[in-house]
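The values are calculated or read from the model by the stated rules, or taken from the named source; none is laboratory data. Remember, it's a predicted structure, so these values are computed and weren't measured experimentally. For neighbour counting, all protein chains shown are included, and Cβ atoms are generated from backbone atoms with ideal geometry for every residue, glycine included. In case anyone asks, the SASA skips ligands and DNA or RNA and just uses the protein heavy atoms, side chains included. Shrake-Rupley method; radii C 1.70, N 1.55, O 1.52, S 1.80 Å.
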Amino acid sequence: EPEVTQTPSHQVTQMGQEVILRCVPISNHLYFYWYRQILGQKVEFLVSFYNNEISEKSEIFDDQFSVERPDGSNFTLKIRSTKLEDSAMYFCASSAAGTGGRPAYEQYFGPGTRLTVT
Amino acid sequence: AQSVTQLDSHVSVSEGTPVLLRCNYSSSYSPSLFWYVQHPNKGLQLLLKYTSAATLVKGINGFEAEFKKSETSFHLTKPSAHMSDAAEYFCVVTGGVLTGGGNKLTFGTGTQLKVEL
């Protein structure tokens, strides 16, 4: 069964460093998402991406964050200068095309990357 | 704006007894609702979805949920719990008005289900 994969599973970085979290969505999916879950808190939406551009982003997704689909398979989240409060589990998700040019309701999630900023 | 409230942060049941995980939603539009499950050190797995068709929705592993508009609820049930059901369960809502560029999911705070022998 196709699945979303994410690498690395765990990343430790120092404050101020740049990190890139990588995701390989399901191959025929067209809509891509990043969410994060700070320990003990809710899963929060960060950004959605379609047709090579951001379609929606949350207040959390400020200028230090960026997303990219550098080739036909990968989807990346870059954090330019990490802060202690960026420590969280980051989930990538993807969804297929639905009807009427809209995304399907279901989103399929990867296993997550645990980012620890020290 | 949309939101979900999971009424119990922890639920403990004995193996073989029924499971009830409660969720209430708030949405300006007709919502789509989901339950996701997260086993330890695993990703989020879709259990079931409601998207304005039948109000009683069946999912994987014997779980089901009923959409009740009058009560703004979408509770998750299973007739008989199994040890392997122990996990965290998330009630999730997305807006009824879909944009062309993607659907933002709004998660509840999660319910940790413990299954005892």
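Structure notes:
- Normalised by residue count, segment A:57-108 yields a Cα convex hull volume of 120 Å³ per residue.
- For the pair A and B, total buried accessible area rounded to nearest 100 Å², probe 1.4 Å: 2000 Å²
- Sequence-separation-based contact order of segment A:17-95, relative, with Cα cut under 8 Å and 6+ spacing, percent: 44 percent
- For residues of A:45-55, the mean tally of beta carbons on other chains within 10 Å: 3
- Measuring from each cysteine beta-carbon in the protein assembly as shown, every one finds another cysteine beta-carbon under 4.7 angstrom.
- Contact order relative to length of chain B, as percent, for alpha carbon pairs under 8 angstrom and 6 or more apart: 37 percent
- For chain A, the Rg and Dmax computed from alpha carbons only, in angstrom: 13.7, 46
- Estimated FRET transfer efficiency when R0 is 22 angstrom, pair B:Ala53-B:Thr77 (beta carbons, to 0.05): 0.75
- Kirkwood hydrodynamic radius over Cα pairs of the protein assembly as shown, then Stokes diffusion coefficient at 20 °C and 1.002 mPa s, in µm²/s: 117 µm²/s
- Peptide A:99-112 has a mean of 5 when you count, residue by residue, the C-beta atoms of other protein chains within 10 Å of its C-beta.
- Per residue convex hull volume, Cα atoms of chain B, in Å³: 100 Å³
- The protection proxy used here, the mean number of other Cβ atoms lying within 10 Å of each residue, ranks peptides A:108-115, A:71-78 as follows, highest first: A:108-115, A:71-78.
- Reachable aspartates and glutamates from A:Lys78, criterion Cα separation under 20 angstrom, eight or more residues apart if same chain: A:Glu18, A:Glu44, A:Glu53, A:Glu56, A:Glu59, A:Asp62, A:Asp63, A:Glu68, A:Asp86
- Solvent exposure of segment B:7-117 as accessible area per residue, Å², 1.4 Å probe: 46 Å²
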